[in-house]
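S.K.: Structure provided below as structure tokens; questions to follow.
Taken together, the values in this text are just the output of simple stated rules run on the coordinates, not laboratory data. Owing to the predicted nature of the structure, the values given are computational and were not obtained by experimental measurement. Note that each Cβ is placed from the backbone with ideal geometry, even for glycine, and that neighbours are counted across all protein chains shown.
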Amino acid sequence: MTPLRADPNILILEDDPVASYFARSVLGSESSRIYVAQTIAEARTTIEDATMDLVLVDLLLPDGDGREFLTELRTNPATATVPVIVVTSTAGAQARIDCYALGADSYFEKPIEGPVLRAAAAQALRRAAATRREALRDPVTDAVNRAGFTQAVNAHGADPRRIGASCAALLDIDRFRAVNTIRGHEAGDAMLAGVARAISGAAAPDDVVARWAGDQFAVLMPSTDLAAAMDRVEAMRTAVHTPFAVTMSAGVVEMPVGATAAGVMTDLEAELYRAKAAGRDRVASRHVGTPMAPRTILVAEDDRVIATLLQHRLAKAGFNVIHAPDGRSAMEMLATARPDLAIIDVLMPDVDGFELLEHLRSLPDHAETPVLLLTSLASESDVERGLSLGANDYVVKPFSPLELLARVQRLLGR
């Protein structure tokens with residue numbers, strides 16, 4: 001008997017009780033979960049409530065043609081790649097042609113033999129699983145990619161069967177940009193692939209190792225307490241250093257029940273920054289050792305919503321934030337404050353961001369202070385003016401808070 005993929009969710013859209021019972025008996029198993037809908041309306045509700053791995057569709061239904069539902073499946077991003085098998089009593093070549101044109105994976109006329117249906121379902125599930133795996137892997141390192149890691153963390157955080165502590169880590173190759181500059185990108189990619197293998201070799205069997213971004217690797221460590229996670233990440237760093245003669249900085253955090261990938265990665269980026277700021281080549285966790293004095297960031301932003309967002313995100317990342325609601329207030333603060341970095345909005349009343357930047361650069365204490373301009377202006381002349389006045393980076397609204405945090409950390413010498 002052809003085995004089905006483990007734990008598939010299968011929807012059978014069939015109004016004939018005898019036909020739906022037959023399909024259930026052929027495709028059902030202890031691990032599979034079968035959903036039966038007799039109408040397109042019921043099928044829509046089922047798809048909204050549960051993620052399907054396979055859908056069987058009849059064409060002759062009480063509230064419409066099954067081809068309508070097939071069209072809906074293929075135009076919905078959430079179900080566009082779900083395998084669909086049409087099993088119908090509708091005869092003739094045109095119906096078959098229509099279904100394949102709309103994206104059906106297989107088409108069978110009733111009656112269909114059980115082994116044939118089971119084999120078609122198994123093949124469709126295998127192809128879909130292979131497609132999903134390919135979509136969730138990084139082509140350079142063959143590790144899980146960002147999307148795959150996000151999916152794994154979210155699923156683990158929501159898993160009601162989770163037992164004990166779990167941790168996650170974010171590792172970054174120190175000064176990797178120099179490797180690309182000196183040896184070239186081809187050598188850099190080869191190193192990234194080797195680093196991924198080294199990290200995976202030091203990981204536990206249940207760990208998920210992913211290339212998060214650029215030279216950063218993320219690791220999910222289920223059922224692992226903080227002490228064990230710190231030891232494991234240290235082993236990963238050692239495994240990388242020996243063959244590649246590079247160092248890695250890393251941050252480790254515990255994952256609370258219900259943790260999401262967005263929250264975990266924000267915490268990990270803060271810990272990785274702590275490791276970089278402490279001198280690189282080390283593992284940091286806020287639960288271990290003496291916390292470092294936070295860096296101070298001046299935010300000159302007149303929009304209350306954006307200012308609040310920046311203050312919250314930066315504070316959560318471990319920064320001390322001082323806020324100036326306009327350019328003149330920021331000038332007054334700079335007379336006594338010594339921020340490690342300034343985020344300046346260009347479009348502010350009275351004294352705009354360009355004037356504030358020019359004033360800041362005229363102060364000896366702030367001649368080298370990193371400045372990130374934040375604005376809705378995106379013209380080439382505005383960018384050129386900001387950089388010529390001494391800005392180090394330029395972010396255009398609307399912006400991604402995670403991207404802005406990454407730029408801040410880069411400017412502070414991560």
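S.K.: Can you tell me what share of the DSSP beta bridges in the chain is antiparallel? A percent to the nearest 5 is fine.
M.R.: So the antiparallel bridges in the chain amount to around 40 percent.
S.K.: When the chain is modelled as a GNM with alpha-carbon springs shorter than 10 Å, which of 381, 329, 285 fluctuates the most?
M.R.: The residue that fluctuates most here is 381.
S.K.: How big is the shadow of the Cα convex hull of region 9-135, averaged over all directions, in nm²?
M.R.: The orientation-averaged projected area of the Cα hull of region 9-135 comes to 7.3 nm².
S.K.: Set the Förster radius R0 to 25 Å, insert the Cβ-Cβ distance between residue 110 and residue 39 as r into 1/(1 + (r/R0)^6), and round the FRET efficiency to 0.05.
M.R.: 0.85
S.K.: Would you mind calculating the relative contact order of the chain from Cα pairs under 8 angstrom and at least 6 residues apart, reporting the percent as a whole number?
M.R.: It comes to 9 percent, rounded to a whole number.
S.K.: For q = 0.17 Å⁻¹, what log10 I(q)/I(0) does region 279-405 give under the Debye formula with an equal point scatterer on each alpha carbon and no solvent?
M.R.: Taking Cα atoms of region 279-405 as identical point scatterers yields -0.86.
S.K.: Oh, and also: Could you list 348, 230 so that the one with the fewest beta carbons within 10 Å of its beta carbon is first and the one with the most is last?
M.R.: Ascending number of Cβ neighbours within 10 Å: 230, 348.
S.K.: Of all DSSP beta bridges in region 146-284, what percent run antiparallel (nearest 5)?
M.R.: Here the share of antiparallel DSSP bridges comes out near 90 percent.
S.K.: List, largest first, the extents of the alpha carbons of region 125-206 along their principal axes, each in whole Å.
M.R.: Extents along the principal axes, in whole Å: 48, 35, 19.
S.K.: Would you mind pulling out the separation of the Cα centroids of region 337-414 and region 252-274, in Å?
M.R.: That distance is 27 Å.
S.K.: What does the convex hull of the Cα atoms of region 146-284 come to per residue, in Å³, rounded to a whole number?
M.R.: Given the Cα convex hull of region 146-284, per-residue volume reads 95 Å³.
S.K.: Amide H of residue 347: which non-local residues (sequence gap of 5 or more, or other chain) have their own amide H closer than 5 Å, using H built in the peptide plane?
M.R.: 353, 376
S.K.: In a shell of Cβ-Cβ distance under 11 Å around residue 225, excluding residue 225 itself, what net charge do Lys and Arg (+1) and Asp and Glu (-1) give?
M.R.: Here the count lands on -1.
S.K.: In Å and whole numbers, how far do the C-alpha atoms of the chain stretch along each principal axis, longest first?
M.R.: Result, largest extent first: 86, 52, 41 Å.
S.K.: Counting each DSSP H run of 4 or more residues in the chain as -39500 (n - 2.57), what helix-only mean residue ellipticity at 222 nm follows after dividing by all residues, to the nearest 500 deg cm²/dmol?
M.R.: -14500 deg cm²/dmol
S.K.: I need the P(r) histogram for region 52-92: all alpha carbon pairs, bin width 5 Å from 0 out to the longest distance, whole percents.
M.R.: Pair shares across the bins are 6, 24, 31, 23, 13, 3, 0.
S.K.: With 10 angstrom as the radius, rank 112, 40 by how many other C-beta atoms surround their C-beta, starting from the fewest.
M.R.: Least crowded to most crowded, the residues run 112, 40.
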